[in-house]
Every structure is written in structure tokens, then in C-alpha cells.
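Worksheet: the structure to be examined is printed underneath.
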Amino acid sequence: MIFYYSGCGNSRFIAQSIAEAFNEKLVFIPEAQRNNNFEYNLSENEMLGFVYPIYSWRPPHLVDEFVNQLIIKGKLSYVWTAVTCGDNVGETESIFRKELKDRGLELDAAFCFKMPNTYVNMMGMSVDRVEVADEKIAKAKEKLPKVIEIIKAKTAFSDMIKGGLPRFKSNVIGKSFYKWASDKPFFANENCISCGLCVKVCPVQNITLENGRPQWHGNCNTCDACYHHCPKNAIQYGTKTRGKGQYYFKEK
Ligand SMILES: Cc1cc2nc3c(=O)[nH]c(=O)nc-3n(C[C@H](O)[C@H](O)[C@H](O)COP(=O)(O)O)c2cc1C
């Protein structure tokens with residue numbers, strides 16, 4: 001079984017690729033949460049995987065919240081995680097290892113895929129140039145069969161890119177991230193065509209159309225899927241996204 005979360009498709013691509021290789025069942029974490037599905041019976045010697053993007057050098061809150069309620073029944077043979085990030089992941093592996101341990105699960109392997117950046121809500125942060133994004137995707141595709149081999153062999157493994165000052169980034173910046181990450185600055189400008197795609201792509205159903213315009217309802221997970229998928233680039237985050245590009249994963 002593979003639990004996954006993704007806003008802009010990078011992590012979905014990784015989760016689906018690994019699931020296909022093992023014919024594993026995929027569970028989309030926001031959907032499981034909506035349905036209050038926190039208890040899973042796994043068969044003898046089944047593997048368990050977790051795939052998600054890095055938010056502020058940590059697992060996203062939504063993933064933390066899900067894992068903190070997770071009840072897994074059955075004797076597992078191997079537990080792995082594969083994360084996607086724009087650059088680096090800080091102390092995510094040890095943070096996630098502890099979260100799993102608290103649920104009685106032992107993490108055996110942690111993999112990291114550098115994928116195109118999706119975070120644009122801050123000054124100075126933008127999407128990657130197309131060539132950089134394409135190269136990251138090409139390298140991730142190259143890496144996938146190697147990761148699949150390691151999972152198949154059920155080998156203990158860690159290849160997380162921690163980056164500089166990992167403790168500071170994960171524990172100081174990362175912990176305070178959600179205190180100031182709010183959906184209040186989101187708005188749709190006059191280019192909005194009321195297509196409702198933002199409503200559809202929001203993984204946590206935080207957006208509705210009111211009089212044809214998107215409204216955000218305070219339960220944002222900051223994935224920026226609404227911003228990146230808007231066909232008219234009409235969704236903006238205050239002035240922070242002005243003039244910036246868009247990206248979401250498209251299988252070519
Ligand atoms: C709110 C937010 C915070 C992010 N923080 C980090 C980070 O700390 N380090 C990093 O390398 N990438 C960071 N990123 C980039 C994403 O981890 C990366 O683009 C990821 O592949 C997006 O996955 P998705 O397409 O499955 O949503 C962040 C993206 C968002 C939206």
C-alpha cells in the first residue's frame with residue numbers, strides 16, 4: 001500500500017510510478033482524511049510506502065496529521081518513503097522516522113527526488129526555468145528504476161538531500177511556516193474565466209466559486225495547485241506572485 005499526497009503532480013507521478021512497478025494500491029491522503037479512513041489491515045509481509053512533497057524542509061502538516069492518526073494492522077516487511085523537493089529536505093527523514101515510530105512503524109528506507117519547484121508565495125521564490133525543470137524530471141525518471149530495485153530488494157537505504165543548516169531550516173523555519181502561511185492573500189484577477197479548475201485541483205476542497213470567482217476558506221495546505229493550474233494565470237497571492245510563471249507536472 002502506498003499513501004501519497006501531491007498538490008502539483010510531482011509526488012503523484014513518483015507515487016504512481018512506484019505503485020505500477022509493484023501493483024500496489026494507492027491511497028490519496030486528503031481523501032482518506034475526508035473519509036476518516038485511518039485504520040488499514042495489511043496482509044502478511046506487505047510493504048508500506050509514503051510519498052509526499054517537502055514543505056519548508058518538513059513533511060506537509062496534512063501528512064503529519066494523517067500519520068499521527070494512522071493505525072496499521074498486520075506484520076509489514078518493509079516501510080519506505082519517497083519525497084519530492086525543489087532543492088533539499090533538511091531533517092525530514094528523522095522527523096518522519098519519529099512520527100512513524102510513534103505509530104509503531106519502523107522506517108527502512110528514505111528516497112528523495114528533486115523535482116520542479118512549486119513554491120511561489122514568497123518574494124524571490126519562483127518556478128524553475130523550463131530547462132531546469134525538464135532536467136530535474138529527466139533525472140528523476142532515470143532514478144526511478146534504481147529506487148524501485150532497492151524497494152524490491154527491501155534494502156535499508158537513505159539518500160535524502162539535507163542541504164545546509166538542516167536543523168535550523170526544519171526545526172526553526174519549518175515549524176513556524178504554518179503560522180504565517182495563510183490563504184487570505186489569494187485572489188482571482190479580472191482574467192478569471194470562472195472555469196472552476198482551481199476548485200477541482202485543490203486537494204483539500206478549500207475553494208468554492210462564489211458568483212463565478214474562487215473563494216478560499218481558510219483550510220489551505222499551501223500547495224499552490226490553484227495558482228499553477230489556472231489557465232489564465234488569474235490567481236495571485238497578494239503581490240508575491242506578480243509576474244511569476246506557473247508549473248504543474250504533465251506527463252509528456
Ligand atoms: C509550501 C511549499 C513549501 C516548499 N518547501 C520546500 C522546501 O523546503 N525545500 C524544497 O526543496 N522544496 C520545497 N518546495 C517545493 C516542493 O517540495 C516541490 O516542488 C515538490 O516536488 C512539489 O510536489 P507536488 O507537485 O507533488 O505538490 C515547497 C513547495 C511548497 C508549495
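For this structure, a couple of remarks:
- Gain upon complete extension [Glu142, Lys101; 0.36 nm per residue less C-alpha separation]: 11.6 nm
- Per residue, the average separation of C-alpha pairs within less than 8 Å and at least 6 apart gives the chain a relative contact order of 20 percent.
- By the count of neighbouring beta-carbon atoms within 10 Å, fewest first, His229, His61, His217 end up ordered His217, His61, His229.
- Within the chain, helix-based [θ] at 222 nm, where runs of 4 or more DSSP H residues each add -39,500 (n - 2.57), nearest 500: -9500 deg cm²/dmol
- In this label model, Ala181 and Glu149 are separated by 3.5 nm, measuring between points 7 Å along each Cα→Cβ vector.
- On the basis of the beta-carbon distance and an R0 of 30 Å, Met122 and His217 show a calculated FRET efficiency of 0.85.
- Per-residue ³J(HN,Hα) for the stretch 135-146, Karplus 6.51 cos²θ - 1.76 cosθ + 1.60, θ = phi - 60°, Hz, x for Gly and Pro: 5, 4, 5, 4, 5, 5, 5, 5, 6, 3, x, 5
- Simple spin-label estimate for Lys244 and Ser43 in nanometres, 7 Å along Cα-Cβ: 4.5
- The order of Trp180, Trp57, Trp80, Trp216, going from fewest to most other C-beta atoms within 10 Å of their C-beta, is Trp180, Trp216, Trp80, Trp57.
- With neighbours defined as other Cβ atoms within 10 Å of a residue's Cβ, the residues Thr92, Thr239, Thr81, Thr222 order from fewest to most as Thr239, Thr222, Thr81, Thr92.
- Counting only alpha carbon atoms, the long axis of helix 10-22 and the longest principal axis of the chain meet at about 30°.
- Amide H contacts for Phe113 (H built 1.01 Å from N in the peptide plane; partners 5 or more residues away or on another chain; cut-off under 5 Å): Val83, Thr84, Cys85.
- Note on Arg34 and Glu210: their simple-model spin labels are 2.0 nm apart, each label 7 Å out from Cα toward Cβ.
- Cross-link partners of Lys136 among lysines, defined as those whose alpha carbon lies under 23 angstrom from its own and excluding same-chain residues fewer than eight positions apart: Lys114, Lys146, Lys162, Lys169, Lys244, Lys250, Lys252.
Any read-out appearing in this document is the output of simple, stated calculations on the displayed coordinates, not a laboratory observation. The model shown is predicted, which means the values in this text are computed figures rather than measured ones. In this analysis, Cβ positions are derived from the backbone assuming ideal geometry, glycine residues included, and neighbour counts consider all displayed protein chains.
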